[in-house]
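**Q** Handing you this structure, nothing more for now.
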Amino acid sequence: MTIARDLRWAVRTLLRSPGFTSLTVVTLALGIGLTTAVFSLFNAVVLQSLPRVERPAELVALDEGSASYPAYLYLRQGTTSFSGVAAWANRWFALSGVGAADRIQGVVASGNYFEVLGTRPALGRFFTAREEESGEPIAVLSHATWAVRFAGSPSALGSDLVLNGVPFRIVGVAPRGFRGVGFGDAPDVWIPIGTWPRVATGSMARLDYHRRSWGWMSLFGRLRPGLDLARARAEAEAVVKREAATFPDDVNGEIHVQPLARAAAGAGQAADPARLLGLLLGAVFVVLLIACANLANLLLGRAVSRRREIAIRQALGAGRARLIRQLLTESLLLALCGGAAGLVVASWALTFLARVPVPGGGALGDSGAALDLRVFLFAGGISVATGLLFGSLPAFQGTRSDLLPALKNPSLQGGRRATARSVLVTAQVALCLVLLAGAGLLLRSLQNALATDIGFRPAAVVHGSVNLGLARYDAPRALRFTEDLAARVSAMPGVRAVSWTGSLPLSGDRDSESVRKDPAAATAHEVVDVQAVGPDYFVTVGTPILRGREFRKALDAPQGPGTVVVNEAAARRFWRGQDPLGRRMNIYGADRTVVGVSRDARFRSWSDAPAPMVFVNADQLGGEALLSSITLLVRTDGDARAALAALRGAVAGLDPNLPVFEVRPLQETISGLLMPQRFGSALLGLFGVFALVLAAVGIYAAVSYSVAQRTREVGIRMALGARASDVQRLIVRQSAAPLVAGLAAGIALAAAVTRMLGGFLYGVPPTDPVTFAAVTTLLALCGVAAAYVPARWASRIDPIAAIRNE
């Protein structure tokens, strides 16, 4: 009954102040909503990186780099710390026979893969340990592929799925939401290890998966009950070292053991989404803390107008604990209303965030983030915590008044509240500076990256990839296809140049090969990055040839003398101070002549300096070089997007069953590599602006309240001859103390916090003085402006009216 009375009183009190109530609820809705949206992403990517898996805390990743199948068997049989050890490898497959031809992601897995994970099929069954090496062509579909390709029909069981031209019988469907165990993975199909020789193509078809020297698999295991990670790690390391002693030529003897959930969340990856989302979650918590400080300041000011009410209730016998409970009930009611509205804000924010692209293709929406039960519980918990946080200080301060003075003059005895307001303003300014510094660093990093000369011009270029090996092409047919497709695309209107490449610039994909720069002198071999490209590659990507020429179909016949183009870095490394043109070098087992020197371009990543690179004429490597994933590049005269459909149509016109994938403008692909900087700077900037507004409002409210409390003092000063400018300077100077303290604390705090951004920064240190100076100046100017407005209002007070009213 007491709680019900408190709630009724709180509702009536808040309804009597609709302006204050509305402002508080809107502020909380924004703060709690943004926090909930970012937590939903963090929950999907990090906390639930292994959905639909039993007891994920027991699973560990056993990383040997790339383990061979015999190494997997050796570890599985040699350890006792695990109830099971499983192996898997990602592979791409050409899908046909069910709907449109497409390239899909598949997993080649051990027979106990699903058993170790503790996953249950949504339909049918999973393959078993007996089927691991039997070679029987069976497959398990993902729930999404089953829904799209078979309309969710149970009749899919027993049907055939054609992978790389081989029919596979469907025996089961994985549960909805199951994504496997790899970071960023969304497999469409799982097949047993023993079926790999049936579907392997190109050079992979010649590899025996029973060879210990062929590392191609990843491993994970489930800890036995009661065993900790340290003991399992020690045993796994001992087993791998024993294997290395037995097979020194095939095993390096190293293994890294970590929780599988951490590996599946992308910890240690270049973009490291777990770290990025963790930083954003921390940033949005900072915004919420600033909002709480602002609301606490408003409640402290509001408590003054209620001092007589509180004093009367005390005089009538209400104890302090009873009054504190009443005030906290009001704060909690406000917080819960803000939390409910925050769920709507979170839903809108997730709709927007779902469209944000991520490196490698896809968007944040693919993470499966949603307002599920865990997110609802989080929103409820954060709402209650927020209500207690911003309501506690005003509740305790507001009930500490002496009874008689409060009844006589409610405006007196504000010293403690003034101190509390100053502390809250200092905290707001400090936290705001941290957010602005982080946003500024990421923005400067993005600007530096965009201003970097990457050595090629991605504008007006589109690309599309095919994998002829998966489609069971042989070498002669692959050569004919690439020639026909290049000719067909070149004849299209608006096309300026066409070429092939094995990997896109800045993709990080590269082939390192051993070369000998002077075959005649029998010089030592050196390892450099090598890239196979087609004729007209450099004009297509927009990389200038500084000396000599690039590959030309008319000059570099497939059966003619081998030719290569080197970049500036390779020319300096091999022939410093000499002319590289006409030089011979041995690569891929043949002597080839340098016909050109290209400008350095960034190939590995945006931050890596250009490395020595040797470009080999793909036409002169034979059709075998075309039996893996290759990319067609097309430079256009105008809008690159207009050529996308034409490129797809050209491929379909030559082979309607050949999947073409990753068809998009090159500019879009390159821009996606800066997603962490774009995403981080945009969100931190948004949070920073919100925090800046809150901090400015907090300073304004604190100074306005102080001016209202000092009306008589200001009137007396002006009556004694003080000018309006003197009053303005006095109030601004006195209000500057918490501002300066907040700036100093914020600089120190930001210097410590921004170090965590180091992995996302490009060309700017985490404690960049320019950024720190800029955001400090911005915050100081906003703070002074917020204090100047009420100071100017105070300078217009009529001294006689002020003294008479007091």
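**Q** Restricting the search to the stretch 581-596, which residues are touching an Asp or Glu at 6+ places or on another chain (Cβ under 9 Å) and either crowded, with 22+ Cβ neighbours inside 10 Å or of a type in the set (Gly, Ala, Ser) (or both)?
**A** Hits for the stretch 581-596 are Met585, Val595, Gly596.
**Q** For the stretch 201-209, check the following and say yes or no: at least one residue is touching a residue at least 60 places away in the same chain (Cβ under 8 Å) and either within 32 Å of the chain's Cα centre (by Cα) or in a strand (DSSP E or B) (or both).
**A** no
**Q** Out of (1) in a helix (DSSP H, G or I); (2) at pLDDT 85 or above; (3) of a type in the set (Val, Ile, Thr), what's the single condition that is false for Val764?
**A** Of (1) in a helix (DSSP H, G or I); (2) at pLDDT 85 or above; (3) of a type in the set (Val, Ile, Thr), only one is false for Val764: (1).
**Q** Here's a check for you: in the stretch 106-159, which residue that is closer than 19 Å to Arg91 by Cβ and open to solvent by 50 Å² or more (accessible area, probe 1.4 Å) is nearest to the chain's Cα centre (by Cα)?
**A** Among those that are closer than 19 Å to Arg91 by Cβ and open to solvent by 50 Å² or more (accessible area, probe 1.4 Å), it is Ala144.
**Q** Further question on the same structure: Kindly establish whether Val528 is in contact with a Phe, Trp or Tyr (Cβ under 7 Å, 6 or more places away or on another chain) and touching a residue at least 12 places away in the same chain (Cβ under 8 Å).
**A** Here the answer is no, as Val528 does not meet what is asked.
**Q** For the stretch 77-91, which positions are over 17 Å from Gln258 (Cα atoms) and under 35 Å from the mean Cα position of the chain (by Cα)?
**A** Ala89, Asn90, Arg91
**Q** Right, another one. Ala94 fails exactly one of the following numbered conditions: (1) in contact with a Gly (Cβ under 9 Å, 6 or more places away or on another chain); (2) without any contact (Cβ under 8 Å) to a residue 12 or more places away in the chain. What is the number of that condition?
**A** Result: Ala94 fails condition (2) only.
**Q** Could you count how many residues in the stretch 643-673 are open to solvent by less than 30 Å² (accessible area, probe 1.4 Å) and in a strand (DSSP E or B)?
**A** 3
Residue-wise test of (1) open to solvent by 30 Å² or more (accessible area, probe 1.4 Å); (2) farther than 30 Å from Arg421 by Cα; (3) at pLDDT 65 or above.
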| site | (1), (2), (3) |
| --- | --- |
| Gly362 | yes, yes, no |
| Leu373 | yes, yes, yes |
| Leu377 | yes, yes, yes |
| Gly391 | no, no, yes |
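**Q** Picking from Ala29, Ala71, Ala37, which residue would you name as being more than 17 Å from Trp348 (Cα to Cα) and either assigned to a helix (DSSP H, G or I) or among the small types (Gly, Ala, Ser) (or both)?
**A** Just a single option satisfies the conditions, and that option is Ala71.
**Q** Given the conditions (1) closer than 18 Å to Leu389 by Cβ; (2) open to solvent by less than 40 Å² (accessible area, probe 1.4 Å), report the number of the one that Leu23 does not fulfil.
**A** That leaves (2) as the condition not met.
**Q** Among Ala643, Ala609, Ala625, which is the only one that is among the aliphatic types (A, V, I, L, M) and under 20 Å from Leu555 (Cβ atoms)?
**A** From the options Ala643, Ala609, Ala625, the qualifying one is Ala625.
**Q** When the residues of the stretch 199-240 are narrowed to those that are under 15 Å from Ala71 (Cα atoms) and of a type in the set (S, T, N, Q), which ends up least open to solvent (accessible area, probe 1.4 Å)?
**A** Ser218
Rundown of residues vs (1) at pLDDT 55 or above; (2) under 30 Å from Thr777 (Cβ atoms); (3) polar (S, T, N, Q), yes/no style:
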site: Ser401; (1), (2), (3): yes, no, yes
site: Pro410; (1), (2), (3): no, no, no
site: Arg416; (1), (2), (3): no, no, no
site: Ala420; (1), (2), (3): yes, yes, no
site: Val423; (1), (2), (3): yes, yes, no
site: Leu431; (1), (2), (3): yes, yes, no
site: Ala439; (1), (2), (3): yes, yes, no
site: Asn448; (1), (2), (3): yes, yes, yes
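**Q** Tell me whether the stretch 99-117 contains one or more residues that are in contact (Cβ under 8 Å) with a residue 40 or more places away in the chain, of a type in the set (Asp, Glu) and either out of contact with any helix residue (DSSP H, G or I) (no Cβ under 7 Å at 6 or more places or on another chain) or within 30 Å of Phe82 (Cα to Cα) (or both).
**A** Yes, the stretch 99-117 has at least one match.
**Q** Mind listing whichever residues of the stretch 480-507 are assigned to a loop (DSSP other than H, G, I, E, B), open to solvent by 30 Å² or more (accessible area, probe 1.4 Å) and farther than 22 Å from Gly623 by Cα?
**A** Listed by number, the residues that qualify are Ala491, Met492, Pro493, Gly494, Ser507.
**Q** Is at least one residue of the stretch 47-65 of a type in the set (A, V, I, L, M), in contact (Cβ under 8 Å) with a residue 12 or more places away in the chain and surrounded by fewer than 18 Cβ atoms within 10 Å (Cβ to Cβ)?
**A** yes
**Q** So which residues in the stretch 610-642 are crowded, with 20+ Cβ neighbours inside 10 Å, at pLDDT below 85 and under 30 Å from the mean Cα position of the chain (by Cα)?
**A** Once the filter is applied, which keeps residues that are crowded, with 20+ Cβ neighbours inside 10 Å, at pLDDT below 85 and under 30 Å from the mean Cα position of the chain (by Cα), the stretch 610-642 yields only Ala640.
**Q** Okay, moving on. Taking the stretch 165-198 as the search range and keeping residues that are hydrophobic (A, V, I, L, M, F, W, C) and in a helix (DSSP H, G or I), which one is surrounded by the fewest Cβ atoms within 10 Å (Cβ to Cβ)?
**A** Trp196
The values are calculated or read from the model by the stated rules, or taken from the named source; none is laboratory data. Predicted model only: the values in this text are computed from it and were never measured. Glycine also receives a Cβ, built like all others from the backbone with ideal geometry; neighbour counts cover every protein chain displayed. Side chains included, ligands, DNA and RNA excluded: accessible areas come from the protein's heavy atoms. Shrake-Rupley method; radii C 1.70, N 1.55, O 1.52, S 1.80 Å.
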